[in-house]
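Bear in mind that the values in this text are calculations on the coordinates, not laboratory data. Every value quoted in this text rests on a predicted model; they were computed, and no experiment measured them. Note: ideal-geometry Cβ built from the backbone for every residue, glycine included; neighbour counts use all protein chains shown.
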Amino acid sequence: MRPSIVLFGDSITEESFGEGGWGAYLANHYSRSADVVLRGYSGYNTRWASLVARRAISSVSPSAVAAVTVLFGANDACLPDRGSAFQHVPLPEYQANLRAICAVLRARWPSAAIILITPPPVDERGRVRYPRLGDASGLPERTNDAAGRYARACLEVAAQAGFRAIDLWSRMQMFPGWETSFLRDGLHLTPLGNRLLFEEVVFALRDANLSLEALPADLPLCSDIDPDNAVNCFQFQLQE
C-alpha cells in the first residue's frame, strides 16, 4: 500500500504547499513513492492543536501512514504581554500539549515515525516592520530568545519520548544573514528557508528508513516496461 507522510502544524506547515514550500518539495520528492498529506492550521498553538488533533487526522488512513511531522511552538511563544498574547501558551503546558498530540498520533499510527520540528528563530526587526502584527508599543510580539526556549523544550520532549527531532531554530542561525534569507517577515519562511527545512525533513525521513531508495515506486518505471508485453509488467495490478 502506498504510504503517506502527514504534516501537522501551524501556518509554517499550512503554507508549505505553496510555491516553493517545503511540503511541495516533499510531495515532488516522493511523487512516485508516497503521498504527502497536509494538516496545517494557521495561527494555532499546541493548546488548540491538542484539542483538534483526533479530528484533524481522522480522515487519514490508519494503516498507511509511515511518518508524521509536528511543527508547533511559534504561536505558543508569543509574549503574554504583547499584541498576540491570546496565542501564548506557558512553557510547561506547551510540553504537555506536545506530548498529548504525539500520544494521539501514536495511537492512530503505532508504527509511524514521529518527527518533532522546533519553531524557527525570530527576527525581531522583521516583525516590527509589520505593525499590524505587533502592539501599540511598536515592540515585536515575539522574540528570538522566547522562541529559543520553546525550541529547547520541543527537543526535550522528543528526547524523552525517543522521537526524531529537527532543531530548526538552531540550524537556521548557523547561516549568516538568516534573518532575511530564511524569513520573509521575521517568522514565516522564504523559499530558501523552505528549502532548508525540506532538506532537514528528508534527512530525518532517511534516518527513519524512508528514503527514496527504501520506498519502492508504486508502479513500474517507464524504462522497466516492455512495450511488446506490458501486460506482464502490470500483472500484479491486474490481479488486485
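Using semi-axes √(5λ) of the Cα gyration tensor in Å as the read-out, say which of (1) 36, 20, 14; (2) 32, 20, 17; (3) 24, 22, 18 was calculated from these coordinates. The value matching this structure is (1). For the chain, the 222 nm mean residue ellipticity estimated from helices alone, with every DSSP H stretch of n ≥ 4 adding -39500 (n - 2.57) and the total spread over all residues, rounds to -11500 deg cm²/dmol. For the chain, a Gaussian network of Cα nodes joined below 10 Å ranks Gln87, Gln95, Gln160 by mean-square fluctuation, and the top entry is Gln160. For the range 152-200 versus the range 44-82, the spacing of their alpha-carbon centroids is 17 Å.
Among the GluC sites (Glu not before Pro) found in the range 1-43, those both in a DSSP coil and sparsely packed, with 12 or fewer other Cβ atoms within 10 Å of their Cβ, are Glu19.
Relative contact order for the range 4-238 using alpha-carbon pairs under 8 Å, separation at least 6, rounded to a whole percent? Across the range 4-238, relative contact order equals 20 percent.
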